[in-house]
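Enquirer: For reference, the structure I am asking about is given below.
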Amino acid sequence: MDILTPKGQQTLRDELVAAEIFQLATGCLYVTTPKDMPAKVDAVIIGQAGQLVAVVETKCRYGVTRQQLRDGWGDEWLVTMEKLDEGRQAARLLGVPLFGFLFLVEEALLLTKVIASPAGQYCCRLRVDQTETQATVNGGKATRANAFVDMSDAREWSLTKETDNGVG
């Protein structure tokens with residue numbers, strides 16, 4: 001499993017930094033799925049009253065600033081369509097939305113976006129294209145359907161600020 005490699009372990013540590021930023025800002029709990037086995041989602045969010053609030057797909061990106069995401073990538077987050085479809089299905093079965101968490105590691109900036117409604121409907125702008133990308137955190141190449149999620153209206157969180165752009 002990729003999580004057992006040094007790069008996988010670094011990604012896990014960075015995911016937990018993103019979780020801490022979110023938890024400190026919201027008072028909600030970010031509860032990871034087991035990391036020693038494949039899971040269809042990365043985490044769930046538990047609200048302050050102890051209820052399940054959302055299912056989460058989290059990605060950590062290295063060497064990318066918020067400005068580079070805007071200017072160089074058209075403010076789009078690349079994530080495999082299979083991950084979004086699986087997360088959307090899990091969220092629908094649990095009756096909660098699917099959140100996307102994109103963590104820009106060097107800036108310690110977390111971008112969040114509601115990707116799918118509790119009914120399982122996509123509720124954000126995204127496009128899908130068949131592209132070749134890195135297969136896993138450890139490298140390799142894979143050609144697959146990838147989603148390009150519009151992050152122009154994502155909520156921005158850091159340890160020093162939270163910018164509410166109107167979406168979760």
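Enquirer: Sum -39500 (n - 2.57) across every DSSP H segment of at least 4 residues in the chain, then divide by the residue count to get the 222 nm mean residue ellipticity, nearest 500.
Expert: -8000 deg cm²/dmol
Enquirer: Then there is this: Compute a Gaussian network model of the chain, connecting alpha carbons closer than 10 Å, and tell me which residue from M37, M81, M151 fluctuates the most.
Expert: Of the options given, M37 has the highest mean-square fluctuation.
Enquirer: Could you point to the residue in L109, G27, A91 farthest towards the positive end of the chain's charge dipole, with +1 and -1 charges on the Cβ of Lys/Arg and Asp/Glu respectively?
Expert: The residue sitting farthest along the positive end of the dipole is A91.
Enquirer: Taking 18 Å as the cut-off for C-alpha to C-alpha distance, list the pairs among K35/K141; K83/K113; K35/K113; K7/K40; K40/K141 that go past it.
Expert: K35/K141; K35/K113; K7/K40; K40/K141
Enquirer: Determine the dipole magnitude for the chain: charges of +1 sit on the beta-carbon of Lys and Arg, -1 on that of Asp and Glu, nothing else is charged, the reference point is the Cα centre, and the result goes in debye to the nearest 20.
Expert: So the magnitude is around 240 debye.
Enquirer: What is the local net charge at Y122, summed over the other residues whose Cβ is closer than 12 Å to its Cβ (Lys, Arg +1; Asp, Glu -1)?
Expert: Computed value for this residue: +3.
Enquirer: Where does the longest stretch of the chain lie that holds no chymotrypsin sites (Phe, Trp or Tyr not before Pro) found in a DSSP loop with 15 or fewer other Cβ atoms within 10 Å?
Expert: Between the exposed loop sites, the longest stretch runs 74-168.
Enquirer: Here are labelled values, (i) 26, 21, 14; (ii) 21, 19, 18; (iii) 37, 14, 13, and one is the computed semi-axes √(5λ) of the Cα gyration tensor in Å for what I pasted. Which one?
Expert: Computing semi-axes √(5λ) of the Cα gyration tensor in Å and matching it to (i) 26, 21, 14; (ii) 21, 19, 18; (iii) 37, 14, 13 gives (ii).
We did not get these values from a lab; they are worked out from the coordinates using the rules stated. Just so it is clear, the structure is predicted and the values come from calculations on it, not from any experiment. Note: ideal-geometry Cβ built from the backbone for every residue, glycine included; neighbour counts use all protein chains shown.
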